[in-house]
Amino acid sequence: MRGTTVLPGTPCRAPRDGELPLHRLEVPVPDALPFAVGTFETIGPMSRASFPHRHTFHEIVHVTGGTGTHVVDLARWELRPPHLCVIAPGQVHHWDDARDLEGSVLLFTDDFLLDHPADRDLLRRLSERPWLTLDEPTHARISRSIAELHDEYRRGEPGVDTVLRALLHVLVVLIVRAARLPATPAAPPPARPGAVAEEFVRLSARTDHRLWSVRAYAERIGVTPGYLTEAVKAATGRTPSQLVRQARTQEAQRLLAKTELTVRQVGHRVGFDDPAYFCRFFRRETGLSPGGFRRAAGRSQ
């Protein structure tokens with residue numbers, strides 16, 4: 001996906017006023033694999049950044065030691081290792097008073113999942129409840145799986161891309177089992193509607209676009225709104241309108257909690273030109289006014 005990776009030393013794009021930093025995955029050379037695995041030390045200081053930020057890539061964090069708190073969107077998770085965390089592109093996170101972090105960090109873009117595209121949806125579902133406390137047998141299995149990824153990545157032998165994709169798929173399956181998520185949808189739709197639904201889910205998880213209506217998504221994908229509604233409902237059990245409302249609400253919550261943007265500016269960022277209409281929408285979806293939500297979020301930090 002264009003714009004999701006950069007070469008080492010490329011400065012982080014300066015965010016627009018009130019926006020959060022957006023980090024891209026560093027790769028050693030152009031066209032290198034959009035994948036990295038290492039420790040908190042080898043990945044670097046950004047793997048434990050203390051300020052709220054987003055990524056253009058997926059992140060899996062396996063914490064085996066350390067103290068502090070990991071904040072993902074609006075939830076705070078106190079470290080009591082071993083833990084495993086899944087962060088999707090566009091989510092907001094940071095580490096609060098984190099010390100002596102030990103464990104592994106895996107970074108990869110959507111493009112790296114080309115051999116197992118269904119893993120994109122699984123990872124996003126895992127990111128909705130990102131923090132898993134692991135029992136000893138599960139911790140041991142996941143540790144072995146990540147160790148294999150470390151070793152294959154370090155060796156860099158011929159066919160490394162295929163092997164890494166296969167090993168990552170195994171790790172995703174192990175995490176799905178630990179989270180007790182169903183690994184596959186109950187009733188897969190025909191191929192073409194399924195592809196349309198997958199593209200809608202991929203786009204709706206991003207935050208660097210202005211697609212805030214079902215019609216806009218349909219035009220972007222190249223189908224009619226009615227066809228999009230049928231495909232997405234068959235694949236997810238929910239309508240595009242419901243998912244768009246959810247995406248707008250979640251993005252508004254992130255901006256209210258993590259930035260100094262005014263309510264009017266937040267409303268504009270999530271597609272509302274009328275601040276009064278935005279306030280009515282937000283109250284209907286959350287039960288709170290934007291100002292009330294911001295005050296409650298501030299008290300919980």
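At-a-glance table
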read-out	value
Spans of helices (runs of 4 or more DSSP H) in region 239-301 with at least 3 residues among the aliphatic types (A, V, I, L, M) and under 30 Å from Val196 (Cα atoms)	240-258
Tally of residues being of a type in the set (S, T, N, Q) and either surrounded by 18 or more Cβ atoms within 10 Å (Cβ to Cβ) or over 21 Å from Glu128 (Cβ atoms) (or both) across region 62-77	2
Contacts under 7 angstrom Cβ, first residue in region 273-294 being in contact (Cβ under 8 Å) with a residue 12 or more places away in the chain, partner among the charged types (D, E, K, R) and surrounded by 14 or more Cβ atoms within 10 Å (Cβ to Cβ), 6 or more apart	Pro275/Arg264; Glu285/Arg245
Residues located in region 56-89, provided they are over 21 Å from Leu171 (Cβ atoms) and of a type in the set (S, T, N, Q)	Thr67, Thr69
Criterion violated by Arg155 - all others in (1) of a type outside the set (Ser, Thr, Tyr); (2) in contact with a helix residue (DSSP H, G or I) (Cβ under 7 Å, 6 or more places away or on another chain); (3) modelled with pLDDT under 95 satisfied	(2)
Scope region 151-165; condition out of contact with any Leu (no Cβ under 8 Å at 6 or more places or on another chain) and surrounded by fewer than 16 Cβ atoms within 10 Å (Cβ to Cβ); matching residues	Asp151, Arg154, Arg155, Gly156, Glu157, Pro158, Gly159, Thr162
Meets criteria (within 11 Å of the chain's Cα centre (by Cα), aliphatic (A, V, I, L, M) and at pLDDT 90 or above) for Ile87	yes
Test: residue in region 45-61 that is crowded, with 21+ Cβ neighbours inside 10 Å, modelled with pLDDT under 90 and assigned to a strand (DSSP E or B)	yes
Flag for Arg202 being modelled with pLDDT of 90 or more, within 23 Å of the chain's Cα centre (by Cα) and of a type in the set (D, E, K, R)	no
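Here is a yes/no grid of residues against (1) closer than 30 Å to Gln265 by Cβ; (2) acidic (Asp, Glu):
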| site | (1), (2) |
| --- | --- |
| Glu26 | no, yes |
| Thr69 | yes, no |
| Asp110 | yes, yes |
| Leu113 | no, no |
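The values are calculated or read from the model by the stated rules, or taken from the named source; none is laboratory data. Since this is a predicted model, take the numbers as computed values, not measurements. In this analysis, Cβ positions are derived from the backbone assuming ideal geometry, glycine residues included, and neighbour counts consider all displayed protein chains.
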